[in-house]
Amino acid sequence: MRSILHFIIKYHLGFLFIFLEIIAFSLIVTFNQNQRALFLSSSSKISGDLFETTSNIEQYLALKTINEELANENAYLRSQMIKSFKQSKDYFTLLGDSSTTTQYKYRAASVVNNSTKHTFNYITINKGTDDGIKPDMGIISPRGIVGIIIKCSKNYSTGLSLLNPRLKISAKLQESDFFGSISWDNKTANTVILEEIPEHASVSLGDKVITSGYSSIFPEGILIGTVDGVEHPIGESFYKISVKLSVDFSKLSFVEVIENVFQEEKIKLEEESRR
Amino acid sequence: MITRIPRYILSFFFFVLFQVFILNKIELSGYLNPFLYILFIVTLPFETPKWLLLVLGAILGLSVDLFLNSAGMHMAACVLIAYLRPFILRSFAPRDSYEVGTLPLPNYYGFAWFAKYAITLIIIHHFFYFFIESFGVETFVSTIVKTAFSSIFTLLIMLIALLFTYSRKRRI
């Protein structure tokens with residue numbers, strides 16, 4: 001027993017080193033393998049508040065572009081108003097019918113922290129469970145899709161950014177309706193890869209890529225980006241398409257969180273039918 | 001010796017906040033990620049007990065992790081360089097060893113010595129960090145490229161940061 005103690009005391013540095021490294025690696029394994037278990041996350045109270053302060057300053061510096069974006073979105077929304085459609089009687093009965101069942105709810109939020117140059121990028125917004133945000137809601141910006149909420153605290157939420165290889169999103173080509181999945185290849189902050197598009201599909205540069213609506217998170221038809229390059233790997237029957245993102249992730253400031261009211265119902269039904 | 005403690009505590013917070021709120025927000029390229037905050041470990045006094053070095057390294061890494069959603073990655077890299085620092089210092093020691101009361105700074109041993117000593121720690125830290133971060137996702141080559149570019153960039157910023165303190169302490 002005494003010799004063991006002696007041994008430990010003699011090599012206490014080595015033991016301390018190994019002990020600390022084990023702690024570090026267990027943190028890495030526990031909290032980075034499973035994307036839903038961000039423990040030391042930027043949605044915690046202290047770091048959330050600090051990030052909000054700095055992002056306030058940053059937003060002040062970027063007011064001009066933000067104003068432009070908001071003005072653009074206002075214009076877009078105005079064009080969606082009932083008044084801006086030609087009104088006929090049968091049209092109105094239809095519209096009245098569909099407005100009683102709102103499927104998607106939107107909540108505006110502002111981005112308090114965001115990264116684009118790590119291998120796994122996350123985004124933090126300034127709304128949390130108090131504002132009705134829950135994990136698995138989608139995040140979009142006026143220009144297109146941004147990511148998915150994965151963890152919420154009272155006043156903040158953290159989400160996977162589209163620039164994170166752990167996020168896969170179902171997408172389709174607007175022209176031809178062929179669908180595949182979008183994921184980030186870790187290279188540049190403005191392109192993602194669209195895979196699983198079969199080789200008999202017709203793809204041309206500049207085609208729009210939108211969400212497919214097959215997932216229960218995003219509605220159909222939200223812009224993701226435009227086709228930037230098409231590759232046909234030898235021996236595979238699928239294209240590998242690089243998509244230029246419509247959202248500039250390095251300038252993200254205001255976003256909207258989408259809630260699908262029927263999400264649970266859809267998932268439950270799908271699980272039941274799989275049994 | 002005791003009078004230095006408040007300054008080190010201040011510099012600890014300064015480096016963490018500077019790293020998180022300024023360096024990590026600068027968008028240069030995916031290959032240029034400077035981690036200036038390890039300057040805290042690099043500049044700790046020669047006489048710092050080795051166990052304290054390890055503990056400080058762990059706390060420093062963990063506080064950066066807290067902000068960057070990278071639980072444990074910076075901690076692992078920081079603990080590693082904190083452990084290796086005494087060995088590296090010993091191998092770069094001048095002929096008559098380090099003088100009592102000096103710090104591992106260019107003021108005392110010159111920029112050439114400091115650059116050699118710092119780049120060794122920086123490369124170890126950056127390589128280890130990028131290796132863990134991209135584990136299984138990226139190729140080994142891109143890890144090496146990232147390490148090389150970022151290391152040089154970090155050293156550059158480090159030397160610029162140290163220029164501010166250079167002339168003032170020269171008299172000692």
Once A:118, A:12 are ranked on solvent-accessible area with the largest value leading and a 1.4 Å probe, the list reads A:12, A:118
Which FRET efficiency, nearest 0.05, do residue B:12 and residue A:188 yield, Cβ-Cβ r, R0 45 Å?
0.85
Nearest-10 value in Å² for the accessible area of residue B:8, using the 1.4 Å probe
40 Å²
Can you list the HN-Hα couplings for region A:159-165, worked out from phi with the Karplus curve (6.51, -1.76, 1.60; θ = phi - 60°), rounded to whole Hz and with x for Gly and Pro?
x, 6, 7, 4, 7, 9, x
Per residue of B:59-67, count partner chain C-beta atoms within 10 Å of its C-beta, then hand back the mean as an integer.
3
List, in the order given, every pair from A:64/A:208; A:168/A:244; A:105/A:251; A:151/A:187 whose Cα-Cα distance in the structure shown is over 19 Å.
A:64/A:208; A:105/A:251; A:151/A:187
Please give me, ordered by residue number, the GluC sites (Glu not before Pro) of region A:206-241 that lie in loop per DSSP and have at most 15 other Cβ atoms within 10 Å.
A:220, A:236
Once you keep just the Cα pairs under 8 angstrom separated by 6 or more residues, what percentage relative contact order results for chain A?
17 percent
Using only DSSP helix segments of four residues or longer, with each worth -39500 (n - 2.57), what per-residue ellipticity at 222 nm results for chain A after dividing by its residue count and rounding to 500?
-10500 deg cm²/dmol
Per residue value of the accessible surface for region B:4-169 (all protein chains in place, 1.4 Å probe), Å²
44 Å²
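Could you work out the relative contact order of region A:219-275? I mean the mean sequence separation of Cα pairs under 8 Å and 6+ apart, divided by the number of residues, in percent.
Working: 36 pairs, mean separation 14.6, N = 57.
Averaging sequence separation for qualifying contacts and normalising by length gives 26 percent for region A:219-275.
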Where in chain B is the longest stretch that carries no trypsin sites (Lys or Arg not before Pro) classed as loop by DSSP and with at most 11 other Cβ atoms within 10 Å?
B:1-94
Taking both sides together, what accessible area is buried at the B/A interface, probe 1.4 Å, expressed in Å² and rounded to the nearest 100?
3100 Å²
Mind checking the mean number of beta-carbon atoms from other chains within 10 Å of the Cβ atoms in A:107-120?
4
GNM flexibility winner over chain B from B:143, B:48, B:102 (Cα, springs under 10 Å)
B:48
Estimated inter-spin distance, residue A:265 and residue A:205, nm [label 7 Å along Cα→Cβ]
4.6 nm
Computed E for residue A:56/residue A:174 - FRET, C-beta separation, R0 51 angstrom, nearest 0.05
0.85
Can you give me the three principal axis dimensions of chain A from its C-alpha atoms, in Å, biggest first?
94, 51, 46
For chain A, modelled as a GNM with alpha-carbon contacts under 10 angstrom, which of A:161, A:115, A:26 fluctuates the most?
A:26
In whole percent, the fraction of accessible protein surface over region B:102-154 that belongs to carbon or sulfur atoms, probe radius 1.4 Å, stands at 83 percent
Computed over chain B, the relative contact order (Cα-Cα under 8 Å, seq sep at least six) in percent reads 25 percent
Choice from A:133, A:18, A:210 with maximal GNM fluctuation in chain A (Cα, 10 Å cutoff)
A:18
Shielding by partners for A:10-20, please: the mean number of other protein chain Cβ atoms within 10 Å of each residue's Cβ.
4
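The values are calculated or read from the model by the stated rules, or taken from the named source; none is laboratory data. This structure is a prediction, so every number in the text was calculated from the model and none was measured. No Cβ is skipped: glycine too gets one built from the backbone with ideal geometry, and neighbour counts run over all protein chains shown. Side chains included, ligands, DNA and RNA excluded: accessible areas come from the protein's heavy atoms. Shrake-Rupley method; radii C 1.70, N 1.55, O 1.52, S 1.80 Å.
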